[in-house]
Structures are given as C-alpha cells and as structure tokens.
Amino acid sequence: MPSALDTPQGAADLAESLLPPLGNRRLHTQAVAARAQEIAGAVSEADRDLLVAAAWLHDVGRTCRSWTT
C-alpha cells in the first residue's frame, strides 16, 4: 500500500521535521538526498522516487534521543 513516505517530498518533510535544524546530521541527509536525485537515472523509472525517499529517511532512526553518535 503506497504511503506519503514513498514520495521524495513526503520523506523530505518527515526528515526535515525530525532532524535538528542545525548540525551535521541534517546537512548530511540533504547531501545524500541530493546525490540520490543526481543518480536516480541509473535505476528504473519506477524506483527513482523510492531511491530518493530512502535517501531522505536513511538517518531518521538516529533522531531518537536514546541514540548517541
């Protein structure tokens, strides 16, 4: 079943809302998402949005206060 998180914009909105506004984690995530967008042409058209969404969400689990990095 499709979810808003399957879209790059939905994933970006969630990541931006959870990651601290300042700091390396947000900047890193933005850079990873930008790179995923750049290389999206290397995967099938059906998977491009999923690739970029995954890039946005790859560090969301690190936003939990119990994690330290």
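Once you've got the GNM for the chain with C-alpha springs shorter than 10 Å, pick whichever of ALA40, ALA11, ALA55 has the biggest mean-square fluctuation.
ALA40
Could you state the accessible area per residue of the chain in Å², with a 1.4 Å probe and every protein chain left in place? Mind dumping the intermediate values first?
Values: 4860 Å² over 69 residues.
Heavy-atom accessible area per residue stands at 70 Å².
Is the range 3-56 best put as rounded, prolate or oblate by its Cα gyration tensor, with a ≥ b ≥ c the root eigenvalues, rounded for a/c under 1.5, and otherwise prolate when a/b is larger than b/c, oblate when not? Numbers along the way, then the final one.
Values: a/c = 4.08, a/b = 1.55, b/c = 2.63.
Oblate.
In a Gaussian network model over the chain where Cα atoms closer than 10 Å are linked, find which of ARG35, ARG26, ARG48 has the largest mean-square fluctuation.
Highest fluctuation among the options: ARG35.
Hey, with R₀ at 30 Å, roughly what FRET efficiency would ASP49 and SER17 work out to, going by the Cβ-Cβ distance, to 0.05?
Details: r = 19 Å, r/R0 = 0.64.
In this case the efficiency is close to 0.95.
The values are calculated or read from the model by the stated rules, or taken from the named source; none is laboratory data. Just so you know, these numbers come straight off a predicted model, no measurement behind them. Neighbour counts are summed over all protein chains in view; Cβ atoms, including those assigned to glycine, are modelled from backbone coordinates with ideal geometry. Each accessible area value is taken on the protein alone, full model and side chains, heavy atoms only, with ligands, DNA and RNA left out. Shrake-Rupley method; radii C 1.70, N 1.55, O 1.52, S 1.80 Å.
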